[in-house]
Amino acid sequence: LLATPELGLETFALTVQFLGWEFAWARLAAALGLAFVAGCVAGRLIPSSPPDAAEADGPLAGGSDKTGVRRWLDALEELVAHVGPWTLVGLMAAALVEALLPSEGLASSSPGLDVLVITVLAVPSYVCASSATPLAAMLLAKGVSAGAVMAGLLLGPATNVATLLFLRGAYGLRNAVVLVGVLVGVTWAIAAGVNLSDLGEGVSMPAEE
């Protein structure tokens, strides 16, 4: 639930393109760590139940008659159709941020405040990992700390209103609140570590004519 939107090959490639190799590896490690900790907490809080026999023998249990090449082409087509529009949305959002947001406004904010603001915005809203990447690069160039950018990249794709409602329905309100609290707490710890490092220093604004 948490790792899938964060750890796609296309997400890693876009992160390399917009934020560099170092930030891409840091994002990958942070997403793995966040999903691992949340899974451990969920395993402690929520009792496991064996899958229903009817579900185990459902339509997903069967194989596919498609050849390897046909499956690969179908997967490539689905990947392009899924990533392309969201990347375009992210580029448009980054362009709006570039045009409307002053560079000095966010750079002069109190340390850690931008992490809180990004968290409040990211948790309830859905942000595709592909569209979040160019937007993150622009926010970083505008003066938002690397830790806040990392928090947005982790929480945006992983948490949203639909996910929160699913957690509440599947695990109960108390467990859902605890899980979200763990996600936010671990993300803040990661953001603090990122801010103590030199991540994000290589991203700069384009030269103005």
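The values are calculated or read from the model by the stated rules, or taken from the named source; none is laboratory data. All of these numbers come straight from a predicted model, not from anything done at the bench. All accessible areas refer to the heavy atoms of the entire protein, side chains included, with ligands and DNA or RNA removed. Shrake-Rupley method; radii C 1.70, N 1.55, O 1.52, S 1.80 Å.
Sequence-ordered 3J(HN,Hα) estimates for segment 137-152 from the Karplus curve with 6.51, -1.76 and 1.60 and θ = phi - 60° stand at 4, 5, 4, 5, 5, 7, x, 5, 5, 4, x, 5, 4, 4, 4, x Hz, glycine and proline given as x. 3J(HN,Hα) along segment 16-24, derived from phi through the Karplus expression 6.51 cos²θ - 1.76 cosθ + 1.60 where θ = phi - 60°, amounts to 4, 5, 9, 10, x, 4, 4, 5, 5 Hz, with x in place of Gly and Pro. Taking only protein heavy atoms and a 1.4 Å probe, the accessible area of segment 1-41 is 74% carbon and sulfur. Please list, in order along segment 168-179, the HN-Hα scalar couplings obtained from phi with the Karplus expression 6.51 cos²θ - 1.76 cosθ + 1.60 (θ = phi - 60°), rounded to whole Hz, x for Gly and Pro. Computed from phi, the couplings for segment 168-179 are 5, x, 7, 10, x, 5, 4, 5, 5, 5, 5, 5 Hz.
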